[in-house]
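Since the structure comes first, as structure tokens, the remarks are kept for the end.
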Amino acid sequence: VQLQASGGGLVQAGGSLRLSCEASEGRVTIIKMAWYRQTPGEERELVASITKDGRTDYSDAVKDRFAISRDNGRNRVYLQMDLLKVDDTAVYLCYAKALFFGQEFWGRGTLVTVSS
């Protein structure tokens, strides 16, 4: 399974971006998809996750500003990011967990830069 993320870019503080990620192998049952982010020298942190049945979880840092959603039929996950802050600047990585043996997959990431 390959994860292809897109939608990153440069935006001013207070603006919005929408990230997308698609798992290449449609025959694999994906039970959870998520977005993580990472900045140089920092640990990778969970931003938001969503299960196949739609249960979501958010980090406190993005709650009420970001919204995760998914298209189960296409194994796609989206992250709508509103009211962006400079501290949201990071590489955002797409993650997927498969039903089969709980295999985990990571995308290469997309850079989000928020300017003041």
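List of remarks:
- Only one of the numbered conditions (1) open to solvent by 50 Å² or more (accessible area, probe 1.4 Å); (2) more than 16 Å from Gly109 (Cα to Cα); (3) within 12 Å of the chain's Cα centre (by Cα) is not met by Asn72, and that is (3).
- Entry remark, region 13-25: residues being closer than 14 Å to Ala67 by Cβ, open to solvent by less than 60 Å² (accessible area, probe 1.4 Å) and not polar (S, T, N, Q) number 2 in total.
- Just one of the listed residues (Arg37, Arg65) is closer than 16 Å to Gly9 by Cβ and in contact with a helix residue (DSSP H, G or I) (Cβ under 9 Å, 6 or more places away or on another chain), namely Arg37.
- For region 80-116, the candidate set comprises residues that are of a type in the set (Lys, Arg) and either under 18 Å from Glu42 (Cα atoms) or exposed (fewer than 13 other Cβ atoms within 10 Å of the Cβ) (or both); within that set, the residue that is modelled with the highest pLDDT is Lys85.
- Exclusive hit being touching a strand residue (DSSP E or B) at 6+ places or on another chain (Cβ under 6 Å), surrounded by 15 or more Cβ atoms within 10 Å (Cβ to Cβ) and either assigned to a loop (DSSP other than H, G, I, E, B) or among the polar types (S, T, N, Q) (or both), set Val28, Val77: Val28
- If you filter region 47-68 down to residues that are among the aliphatic types (A, V, I, L, M) and farther than 12 Å from Cys94 by Cβ, you find that the one that is surrounded by the fewest Cβ atoms within 10 Å (Cβ to Cβ) is Ala61.
The values are calculated or read from the model by the stated rules, or taken from the named source; none is laboratory data. Only a predicted model underlies this, so the values are computations on that prediction, with no experimental measurement involved. In this analysis, Cβ positions are derived from the backbone assuming ideal geometry, glycine residues included, and neighbour counts consider all displayed protein chains. Accessible surface areas use protein heavy atoms only, side chains included; no ligands, DNA or RNA. Shrake-Rupley method; radii C 1.70, N 1.55, O 1.52, S 1.80 Å.
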